[in-house]
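J.: Right, I'll just put the structure down here and ask away after.
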Amino acid sequence: MSTLIEKLVAIVGKSNVLTAQKDQTKYITDWPGDKTGRARAVVRPANTQEVSKIMEFAYHTTTPVVPQSGNTGVAGGSIPDQSGDAILLSLERMNIIRDISRSAQTIVVEAGCVLETIHTTVEELGLFFPLNFGARGSCMIGGNLATNAGGSNVVRYGNTRDLCLGIEAVMPDGEIMNLLSGLHKNNTGYDLRNLLIGSEGTLGVITAATLKLFPLPKARETCLATVNDISGGLDLLNLIQAETGGAVEAFELMPKALFELLAKHLPHLKQPFTDIPEMSVLIEIAATSDADAKMSESGITPIAQKLENVLADAFESDLVTDAVIASSEAQRSEIWTLRESALEAITAEGERIGFDIALPLDAVHEFVDEMAGTVDRILPGARMLPVGHLGDGNLHYTVFPKEDETANLRKHAADIKAAVYGPLSSYGGSFSAEHGIGANKLAEMTAFKDPAALAVMRRVKAALDPKGIMNPGRMLP
Ligand SMILES: Cc1cc2nc3c(=O)[nH]c(=O)nc-3n(C[C@H](O)[C@H](O)[C@H](O)COP(=O)(O)OP(=O)(O)OC[C@H]3O[C@@H](n4cnc5c(N)ncnc54)[C@H](O)[C@@H]3O)c2cc1C
């Protein structure tokens, strides 16, 4: 046994140092399953002290460390490279809920807590943790923080960063930094919590966090509304926000091509439309007050009535041409399953170029229109799929080639990327919205990140991780 393995076994025990290929497979293969890395060992500490000892040892031996939580990241940052030099530090055993305060509406969780477990735990107390997306059953809060994950509720509650009051982190030399404050105000120097959030494992290991909780909605109304186009969708969003006092929890763009892909690859999913409209939006509004959630004598809650009224107005003004309102929790779940299966259907369709971009809300329509022409000129007949979180301007824009023309897609990949990324800055957009940079967007980082900002990031990295052991080759080109 090599010294490195012996030392790790001494810290976490033999059963938590995985060296055999078969034991490592699930940790070193990324979510889509098309990339694998190599690790000297997968190490699974049980607590922050063990993480600290591992990092101290890695620091002294200049051993690269790749932190990993749920391994659902889609930027290629959660698995090691092919060198086989790194140890993969899995946080999955650190899944204790350390504290919940009903009155302060906070929860303190360890990094390996699965997002869905946090949901169910707080819901039992009538509380709500709003971070939500399709990977909730596998992703963990450490990874959510490290990627500053977004999801479908950002329009109302913000990104993961906005939901976090404090973190505990182990720095590259093993030092434990306790910033687990539940304070809403704490101006005591540099904001190190927010530096670690979104750092994708390149500055330290997040081991725990204090999260903000909210009142659990007492009623939700969910619907799919057919709109004329993306701008019409945005007008509808603003109308509903105004009429409901900002009760929109999610507002998702669902183009026809998405329903077609879902029907093709996931035919068991129930389709809501017999005649699929060109563009629809998934809307969810929620009420936390009894007054808005209580069933009236006419059998409708005030929040449902509000949605019906807004939709009626929108029909009148031709903003909406059709709508399917979920009349039960089962129907709500069917609608959400369609949206949350988008990535699975897109992946199943095969070779593609995928973009995770952010735009000002009022630029989304024009950008999508411009791209339809631009991409078609480069790759005639290409199919474009603009799915996304319209409520916060995040587009998951995918370009598929015409059937049987994948070779052509590969040939023109660089031109298509340049054509999509090129105009983004003039729209005030970003080349990376919620998935992060990881290993997959290093070229974009070099090409499009402000050079001065990139230089400062490099100085921060050099100061906090002078030996460059934290997730090397990820995020920073
Ligand atoms: C079906 C599906 C739907 C998705 N939908 C969304 C979505 O709507 N919005 C969205 O934002 N993302 C989405 N994602 C992407 C992914 O789920 C998120 O990025 C998630 O936050 C990653 O969490 P994780 O625990 O799986 O992290 P991992 O994949 O394990 O890691 C991600 C990154 O964080 C680093 N990291 C992990 N844990 C730590 C830690 N404790 N300390 C320091 N660094 C760490 C890793 O090194 C890596 O760089 C989706 C993924 C899938 C598969």
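The values are calculated or read from the model by the stated rules, or taken from the named source; none is laboratory data. These numbers come from a predicted model, not from an experiment. In this analysis, Cβ positions are derived from the backbone assuming ideal geometry, glycine residues included, and neighbour counts consider all displayed protein chains. Just the protein is used for accessible areas: all its heavy atoms, side chains included, with ligands, DNA and RNA removed. Shrake-Rupley method; radii C 1.70, N 1.55, O 1.52, S 1.80 Å.
J.: So which aspartates and glutamates can LYS7 reach, going by Cα to Cα under 19 Å and dropping same-chain residues fewer than 8 places off?
T.: Answer for LYS7, where 19 Å is the Cα cut-off: GLU50, GLU56, ASP85, ASP173, GLU175, listed by chain and number.
J.: Given the alpha-carbon gyration tensor of segment 83-178, what are the semi-axes of its equivalent ellipsoid in whole angstrom, ordered largest first, with each equal to the square root of 5 times an eigenvalue?
T.: Gyration-tensor ellipsoid for segment 83-178: 24, 16, 13 Å.
J.: Let me ask you something else. Roughly how far apart, in whole Å, are the Cα centres of segment 1-67 and segment 396-412?
T.: One Cα centre to the other: 38 Å.
J.: Now, a different point. How much of the DSSP bridge set in segment 97-215 is antiparallel, in percent, rounded to the nearest 5?
T.: In segment 97-215, approximately 95 percent of DSSP beta bridges are antiparallel ones.
J.: If you take every DSSP beta bridge fully contained in the chain, what fraction is antiparallel? Give it as a percent rounded to 5.
T.: Taking every DSSP beta bridge within the chain, about 85 percent pair in antiparallel fashion.
J.: Per residue, how much accessible surface does the chain expose to a 1.4 Å probe? Answer in Å², no decimals.
T.: 43
J.: Still on this structure: What's the extension gain from LEU4 to GLU366 if we count 0.36 nm per residue and subtract their Cα-Cα distance?
T.: Once the chain is fully extended between LEU4 and GLU366, it gains 124.8 nm.
J.: So, with a 1.4 angstrom probe, what is the percent of accessible area on the chain that is carbon and sulfur?
T.: 50
J.: May I ask you to list the trypsin sites (Lys or Arg not before Pro) in segment 246-339 that are in a DSSP loop and have at most 13 other Cβ atoms within 10 Å of their Cβ?
T.: Answer in residue order: LYS270, LYS294.
J.: Can you say what percent of the DSSP beta bridges in segment 3-90, counting only those with both residues inside, are antiparallel? Round to 5.
T.: 30
J.: Longer than 26 Å from Cα to Cα, which of LYS14/LYS441; LYS441/LYS467; LYS53/LYS212; LYS22/LYS411; LYS212/LYS270; LYS35/LYS441 are they? Say none if no pair is.
T.: LYS14/LYS441; LYS53/LYS212; LYS22/LYS411; LYS212/LYS270
J.: So, in nm, how far is label ARG102 from label GLN331 when the simple model puts each one 7 Å beyond its Cα toward the Cβ?
T.: Result: 3.4 nm between the two label points.
J.: Here's a follow-up. Apply the Debye scattering formula to the chain, with a single equal point scatterer on each alpha-carbon and no solvent, then give log10 I(q)/I(0) at q = 0.09 Å⁻¹.
T.: Cα-only, vacuum Debye calculation for the chain: -0.64.
J.: In nm, to one decimal, how far is the THR121 label point from the ASP229 one, both placed 7 Å along Cα→Cβ?
T.: So the two model labels end up 4.8 nm from each other.
J.: Another question, if that's okay. Give me the one-decimal Kirkwood hydrodynamic radius in Å for segment 10-101, with the sum taken over alpha-carbon pairs.
T.: Every distinct Cα pair counted, the radius reaches 13.7 Å.
J.: Using mean Cβ contacts within 10 Å as the protection proxy, how do 311-321, 403-413 order, highest first?
T.: Final packing ranking: 311-321, 403-413.
J.: Moving to a separate point now. When the dipole is taken about the Cα centre of the chain, and only Lys, Arg (+1) and Asp, Glu (-1) are charged at their Cβ, what size is it in debye, to the nearest 20?
T.: 2120
J.: Once the Cα atoms of helix 302-316 and of the chain are each reduced to a long axis, what angle between those two axes, in degrees from 0 to 90 to the nearest 10, is obtained?
T.: It is inclined by approximately 60 degrees.
J.: Which order, highest average first, do 174-187, 143-156 follow once you tally other Cβ atoms within 10 Å for each residue and take the mean per peptide?
T.: 143-156, 174-187
J.: Moving on. Over the C-alpha atoms of segment 306-368, what are the Rg and the largest Cα-to-Cα span, Dmax, in Å?
T.: Cα radius of gyration and Dmax of segment 306-368 are 16.3, 43 Å respectively.
J.: Could you please tell me the mean projected area of the C-alpha convex hull for segment 219-342, averaged over all directions and given in square nanometres to one decimal?
T.: Over all viewing directions, segment 219-342 projects a mean Cα-hull area of 7.5 nm².
J.: Using helices alone, I'd like the mean residue ellipticity at 222 nm for the chain: each DSSP H run of four-plus residues gives -39500 (n - 2.57), total over residue count, nearest 500.
T.: -10500 deg cm²/dmol
J.: Compute the projected area of the convex hull of the Cα atoms of segment 350-434, averaged over all viewing directions, and report it in nm² to one decimal place.
T.: Its average projected convex-hull area is 5.0 nm².
J.: Go through 342-354, 41-53 and give me the packing order, highest mean Cβ count within 10 Å leading.
T.: Output ranking for 342-354, 41-53: 41-53, 342-354.
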